[in-house]
Amino acid sequence: MTDSFQRVRQLVDASEQIIIGAGAGLSAAAGLQYDGPAFQSAFADFIERYAITDLYSSSFFPFATEEEYWACWARHIDYARFQPNALPLYQQLFDLVKDKDYFVLTTNVDGQFRKAGFADDRLFEVQGDYAFLQCAKACHETLYYNYDLVQEMVHATKDCRIPTQLVPRCPRCGGKMAIHVRTDAYFIEDKTWRHQASRATERLNSEKKTLLLELGVGFNTPTIIRFPFEQLVSQRSNFVLARINKEQARTWFPMDEQKMRKHAILIQDDIAKLFL
């Protein structure tokens, strides 16, 4: 273990609370790949017909019909959310913090934190969860667990389409349904979401000796985790940032060199090395 990773482990032990900030890079490091051989095997028919290159870009493909749209999305949700068990890297992360006062703030929507054993009341999934549907126009706040429907869609897919009768409709207004993932202004921030947002705010305003453990957070939505974490350590003496990012570990918020050395550990490397 390098000195930097060793220092992070020491901060985990010494901190009074740990706030994990997690982005897509954590799931990628854990082995959940949105391209490559596994994706190509699982989506061979969609790749051949629509020339999609990866799971992320397929999310924005302009399918001509709802039957095609939901056929691809059902397989997407099954592939990324329901098929994988708790990945070892997430289990190792849970083992690292389970006896500490921890809280998770994540933009990931793949449910890996729940699968690894992280407590629901210590987990704020800011951008939603693939496992739920909502009214596309947010006519009401109820979220609908979609496992059974997704399995039915996957097994009924033929020629990259599902039967019309499986296309989901809102039980209240009869309109379209959407995956509960933030893509527009209609994303539902329900009672649970608002409660966890409040808990996150309390944690981020704590006077406790706090480690901000940022893992794999990029620049798709930097204002949710990355920039706020930097701002906190630049302003609060009781916060230390440990950022592990395979591609971009540097800070962007102005911070003097002395404070940087004392309050920020920036590691541009593989997250998995923290557990070697």
Item checked: J(HN,Hα) series, the range 241-252, from Karplus relation 6.51 cos²θ - 1.76 cosθ + 1.60, nearest Hz, glycine and proline x -> 9, 10, 10, 10, 8, 5, 10, 9, 9, 5, 8, 10
Next item on the list: With a ≥ b ≥ c taken as the square roots of the eigenvalues of the C-alpha gyration tensor of the range 71-144, please select rounded if a/c is under 1.5 and otherwise prolate if a/b is larger than b/c or oblate if it is not?
Entry: oblate
Check: In angstroms, what radius of gyration and Dmax does the range 15-61 have, counting Cα atoms only?
Finding: 15.2, 53
Next item on the list: Give the order of LYS176, LYS262 when sorted by the count of other beta carbons within 10 angstrom, beginning with the fewest.
Entry: LYS262, LYS176
Next item on the list: Return the whole-Å distance between the Cα centroid of the range 125-179 and the Cα centroid of the range 71-116.
Entry: 21 Å
Next item on the list: Determine the relative contact order of the chain: mean sequence separation of Cα pairs under 8 Å and six or more apart, normalised by residue count, in whole percent.
Entry: 25 percent
Margin query: I want to verify the translational diffusion coefficient of the chain in µm²/s; compute it with Stokes-Einstein, Rh as the Kirkwood radius over Cα pairs, at 20 °C and 1.002 mPa s.
Written below: 107 µm²/s
Notebook entry, point to check: Taking amide H positions as placed 1.01 Å from N in the peptide plane, with prolines and chain starts having none, which residues 5 or more places from ALA264, or on another chain, fall under 5 Å of its amide H?
Noted result: LEU241
Item checked: Sorted by Cβ density within 10 Å, fewest first, the residues ARG9, ARG81 -> ARG9, ARG81
Notebook entry, point to check: To the nearest 20 debye, what charge dipole does the range 43-146 have about its Cα centre, counting +1 at the Cβ of each Lys and Arg and -1 at the Cβ of each Asp and Glu?
Noted result: 180 debye
Note to self: If I take every Cα pair under 8 Å that is 6 or more residues apart in the range 67-174, average their sequence separation and divide by the length, what percent do I get for the relative contact order?
What the structure shows: 35 percent
Item checked: Interatomic Cα distance distribution for the range 103-200, bins of 10 angstrom, percent -> 15, 42, 31, 11, 1
Check: Can you pull the Rg over Rh of the range 17-133, Cα-only, Kirkwood?
Finding: 1.02
Next item on the list: Based on other C-beta atoms within 10 Å, arrange VAL154, VAL8 from fewest to most.
Entry: VAL154, VAL8
Next item on the list: Binning at 5 Å from 0, report for the range 158-262 what percent of all alpha-carbon pair distances ends up in each bin.
Entry: 2, 9, 14, 16, 14, 10, 9, 7, 7, 5, 3, 2, 0
Next item on the list: Can you check what the net charge comes to around SER15, using other residues whose Cβ is under 10 Å from the Cβ of SER15 (Lys, Arg +1; Asp, Glu -1)?
Entry: 0
Notebook entry, point to check: What 222 nm value per residue comes from the helices of the chain, counting each DSSP H run with n ≥ 4 as -39,500 (n - 2.57) and dividing by all residues, nearest 500 deg cm²/dmol?
Noted result: -10500 deg cm²/dmol
Note to self: Tell me the volume per residue, in Å³, of the convex hull enclosing the alpha carbons of the range 170-217.
What the structure shows: 113 Å³
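Read the figures in this text as sums done on the coordinates, not as results from a lab. These numbers were taken from a predicted model, which means no experiment stands behind them. With ideal geometry, Cβ positions are generated from the backbone for all residues, glycine too; neighbour counts draw on all protein chains shown.
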